[in-house]
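The values are calculated or read from the model by the stated rules, or taken from the named source; none is laboratory data. These numbers were taken from a predicted model, which means no experiment stands behind them. In this analysis, Cβ positions are derived from the backbone assuming ideal geometry, glycine residues included, and neighbour counts consider all displayed protein chains. Accessible surface areas use protein heavy atoms only, side chains included; no ligands, DNA or RNA. Shrake-Rupley method; radii C 1.70, N 1.55, O 1.52, S 1.80 Å.
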Amino acid sequence: MLAFMARRLLQAAVSLFVLLTIVFFMFRLLPANPVDAMVDAALGPEAIARLYAEFGLDQPLWQQYVLYLKNIITKGDFGMSFFFRQPAVDILADKIVNTLILAITALVVAYALGTLWGALLAWYRGSAFETAGITAALTFKAAPEFWVGMIFVMIFAYGLGWLPHSGMREPGYEETSVLLKYLNLDFLRHLILPATVAALGSIATPTLLMRNTMLEVMHEDFVELAKAKGLSTLRIIYLHAARNALLPVVTSLATNLGRAVGGMVLVEYVFSWPGLGREIVLAATRYDYPVAQAAFLMIAALVMLMNIVADLLYGYLDPRIVYK
Amino acid sequence: MSVGQVLRALVRDRLALAGIIIVGGFVLLAIFAPLIAPYDPDAIHRVDGRVARLLPPSSQFLLGTTNLGRDVFSQVVMGSRIALQVGLLAAFMVTFVGTNVGLIAGYFGGRIDAFLMRIVDILYGIPFTPFVILLVSLLEPSVWNIIIAVSLLTWRTVARICRAQVLSLAQRPFVKAARVAGASHLRIMYRHILPNILPIALLEMSFVVAWAVIAEASVSFIGFGDPRAVSWGKILHSAFIAGAVRTAPWWVAPPGIAIVLLVLGVHFITRGLESIVNPRLRGE
């Protein structure tokens, strides 16, 4: 178990290192040169040279690379933002929390509802209800989240005026304590629309998976027994059969956690949710490469971390799995 | 199971048949788009000498107009071309690369396998949407660069799944028989093993079509779409920037509905393929 953990961590570290390298060269060798984009040609040659020096861009590429790695590993320093003139890490720190809150809320809602729904679909297999249910799940999967977001804003924010259309808090909010920052009604009201849209986008996976595993459980003897005892259908579905079909669904929740974190970009963008994904988009449009780079690497690191958590959860939930 | 058998079984599946009809419809729409679209999608229309801004649907403009007086219906019709182009080309490239990598890794095993699968492992750590957005923004926006960005990452799944199949196939008697008969590696790989993994490759290919269509729409929506092409994502980008969610639902809804329909059609086909490739899912 410990050896397994160590190997997984080492693997993740190697992957991250390779990713750091790819990202570094991707940003510097591709046609759009970050410095040209940042520097205004009207500045004059001395000012441009000063800017180059300020961001360490006057050194040869390999020296920049070594410095970049050294700064990240020893100081956790991803460089200065071209746009904000602040360390990229400072800009991104609280965005990580915002993205995680959105992604986890959405995923938990999607899995809770998807499991219940999928169990019903399996029970009524072959019926028109099942076809309609599967079609609905696939429709949500087919709909781009940014478009569903726009439609929801149209209906619930502008049409009915129930919920705010963007952002995370009302303007003029003053922070009183770290905990209350996220545990208040205003924050919750802003969370509902983006979380619902993101949840709908990922509800198909648990629904269809639950349906499939339920199909395998439904012919077991204990289900027959429950029927023979005359229990109500809902009771049989949810208290007897579904419990035994849950395992693959729960493990898939863990594996999808990583994907969900990386997949919040568009929902965040549409709802102006101040998370890592929106920051990547903004940084890319501003040619603010240190921030884009750092945000991308943080998302990748989160994804890898979630994958390790998923592996561990696997073994905990299913003792038949042996770590080697 | 041969590819022909797979296709025949697919047509018998109700949902899959619906999917084939939907996707086929979009293919026809894309081919005949210039004939179907009533106007040039970029033309700025005038009514009574004034630019026809944000007009609601009418007999003249079936789906209304944009804030610049462009015809939404013509834009949506022409947009089908980019969506299909990106979806099909990306799927083809990904399947080609993924199947070959899986075939080579699974067949030769050992170091080659370990090396290729390490690459796949690293690719699995890269988040898809952020990667595509970053790469397209760095490469400068164009349809081809979107296809490349999508393809660079998605072959990982195809390779992993094909490899697993090849690993078990390579141990089967018919492969050993071919080897004893003196068949070359290439002949065994492409003549004997490949036909057996094609149904799975086909299934993965239809997954990629859906991803690629959504990825193109997403990238264009954010504003990194091909500046020279009309795509559904780009229409939604302009609508979002112009605040059409408040003023012009006819501009927001149609391109999204087109995306949903096309991708849903692909999902229907995928599901049909899935239950053919893996009969346990049929639940009969």
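Among the helices (runs of 4 or more DSSP H) confined to the range A:179-292, the ones with at least 2 residues that are among the basic types (Lys, Arg) are located at A:242-262.
Being touching a residue at least 24 places away in the same chain (Cβ under 8 Å) and either open to solvent by 60 Å² or more (accessible area, probe 1.4 Å) or not basic (Lys, Arg) (or both) is not true of B:Phe115.
Among the residues in the range B:192-206, are any open to solvent by less than 50 Å² (accessible area, probe 1.4 Å), within 17 Å of the chain's Cα centre (by Cα) and within 14 Å of chain A (Cβ to nearest Cβ)? Yes, because at least one residue in the range B:192-206 is open to solvent by less than 50 Å² (accessible area, probe 1.4 Å), within 17 Å of the chain's Cα centre (by Cα) and within 14 Å of chain A (Cβ to nearest Cβ). The helices (runs of 4 or more DSSP H) located wholly in the range B:1-46 that include 1 or more residues which are open to solvent by 70 Å² or more (accessible area, probe 1.4 Å) and within 14 Å of chain A (Cβ to nearest Cβ) occupy B:14-31.
If I filter the range B:176-189 down to residues being touching a residue at least 24 places away in the same chain (Cβ under 8 Å) and open to solvent by less than 100 Å² (accessible area, probe 1.4 Å), which single residue comes out as nearest to the chain's Cα centre (by Cα)? The residue in question is B:Met189. Just one of the listed residues (B:Ile241, B:Ile214) is of a type in the set (A, V, I, L, M), more than 9 Å from chain A (Cβ to nearest Cβ) and either touching a residue at least 24 places away in the same chain (Cβ under 8 Å) or closer than 30 Å to A:Leu282 by Cα (or both), namely B:Ile241.
Scanning the range A:237-259 turns up no residue that is of a type outside the set (Asp, Glu) and touching a strand residue (DSSP E or B) at 6+ places or on another chain (Cβ under 7 Å). No other residue among B:Val86, B:Val101, B:Val97 is touching a residue at least 12 places away in the same chain (Cβ under 8 Å) and surrounded by fewer than 20 Cβ atoms within 10 Å (Cβ to Cβ) apart from B:Val97. Within the range B:222-236, is there a residue that is of a type in the set (Lys, Arg), more than 14 Å from every other protein chain (Cβ to nearest Cβ) and not in a helix (DSSP H, G or I)? Yes, there is a match, as at least one residue in the range B:222-236 is of a type in the set (Lys, Arg), more than 14 Å from every other protein chain (Cβ to nearest Cβ) and not in a helix (DSSP H, G or I).
Within the range A:271-294, the set of residues being open to solvent by less than 10 Å² (accessible area, probe 1.4 Å) and among the aliphatic types (A, V, I, L, M) comprises A:Leu276, A:Ile280, A:Val281, A:Ala283, A:Ala284, A:Val291, A:Ala292, A:Ala294. Tell me yes or no: at least one residue of the range B:74-81 is open to solvent by 50 Å² or more (accessible area, probe 1.4 Å) and touching a strand residue (DSSP E or B) at 6+ places or on another chain (Cβ under 9 Å). No, the conditions are met nowhere in the range B:74-81. Is it true that some residue in the range A:233-251 is among the basic types (Lys, Arg) and open to solvent by 40 Å² or more (accessible area, probe 1.4 Å)? Yes; the residues of the range A:233-251 include at least one that is among the basic types (Lys, Arg) and open to solvent by 40 Å² or more (accessible area, probe 1.4 Å).
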